[in-house]
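Here is the structure we will look at.
The values are calculated or read from the model by the stated rules, or taken from the named source; none is laboratory data. Remember, it's a predicted structure, so these values are computed and weren't measured experimentally. Virtual Cβ from ideal backbone geometry, glycine too; neighbours counted across all protein chains shown. All accessible areas refer to the heavy atoms of the entire protein, side chains included, with ligands and DNA or RNA removed. Shrake-Rupley method; radii C 1.70, N 1.55, O 1.52, S 1.80 Å.
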Amino acid sequence: MKISNNLIKSKLKATFIHFIISLFIFTMIVVWMLYSLYPSIYFNMSGGKQGLWLMFCVDLVLGPLLTFLVFNPSKKTKEIISDFLVIGIVQMMALGYGFHTVYMQRPKLAVVYDMGSAIMMNAQEVADDESLKSINLDTLSEIEGKPFAGLVIKNNEAVYVNLHDAANLVETVDKLGRRSLDKQESDQLAALEKQHGKVFVISLAGKYMGAYLILDKNLNFIEKIGEKPMI
């Protein structure tokens, strides 16, 4: 069946209007993710890019595509409204799934181990870890908006402590982290030490990327170097 040019134009117009509305929603999602869920250095490391792509497909592709497929100005007004209600419900359900996925995968807590590295845990992992339920994350040190806890052994038990209260752990992680730097990363570190004085190196593994965090003597973030995909 041949589709008339007028029908195509009407479909494209309706699709464009839907796209503009969806673009506004997507912009809000981007701001929300960049400034709240996956701030600063964690966007690439913890899957912010992948989460954003998921939301892009759901919001800017699915909704407008459905509008293009079903919109027909020759339908009765009641049918058109019914179509848009169905599309809206489908899109909102898909957005809800996307929101939930992105929210539960957000970086929640970094745990620093004495073997020389730190691991960023997402919200789902933190919620599922029984050993973390008694910890008040608000009392922990923060690096670029996310709490960091040091895992130390006290009285033969593993205990989570504020990173500022674990000087020996930070020193150990720094020494081991420096040993794993390549030539370019070592040169970058040397340049940062000339500029900032004493610094600490923490090797942090995110869900998708790993990198070295360079902190000053007060454990304030300076720079991220050596970011590489996790294998």
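A few points about this structure:
- With 25 Å as the limit on Cα-Cα distance, the pairs of Lys9/Lys75; Lys49/Lys198; Lys183/Lys217; Lys133/Lys175; Lys154/Lys183 that go past it are Lys49/Lys198; Lys133/Lys175; Lys154/Lys183.
- Cα centroid separation - region 165-231 against region 6-29, whole Å: 46
- Helices assigned as whole DSSP H runs in the chain whose Cα atoms extend at least 30 Å along their own long axis and whose mean Kyte-Doolittle hydropathy is 0.0 or higher are found at 5-32, 77-104.
- Using a cutoff of 8 angstrom between alpha carbon atoms and counting only pairs six or more residues apart, the relative contact order for the chain works out to 17 percent.
- Among Asp165, Asp129, the sequence by solvent-accessible area, most first, with a 1.4 Å probe is Asp165, Asp129.
- Mean shadow area of region 5-123 over all directions, Cα convex hull, nm²: 8.3
- P(r) tail fraction, the chain - alpha-carbon pairs more than 24 Å apart, %: 56
- Nonlocal amide H pairs with Glu142, under 5 Å, H built at 1.01 Å: Phe148
- In the chain, the portion of solvent-accessible area held by carbon and sulfur atoms comes to 60 percent [1.4 Å probe, whole percent, DNA, RNA and ligands not counted].
- Residue among Ser131, Met120, Gly48 farthest towards the positive dipole end of region 33-179, charges placed on Cβ: Gly48
- Which of Val86, Val152 is most accessible, then next, and so on - probe 1.4 Å: Val86, Val152
- Net charge dipole size for the chain [Lys, Arg +1 and Asp, Glu -1 on Cβ; Debye, nearest 20]: 1280
- Solvent-accessible area per residue in region 92-231 equals 55 Å², computed with a 1.4 angstrom probe and all protein chains kept.
- Residue ranking by accessible heavy-atom surface, 1.4 Å probe, largest first, among Leu66, Leu95 comes out as Leu66, Leu95.
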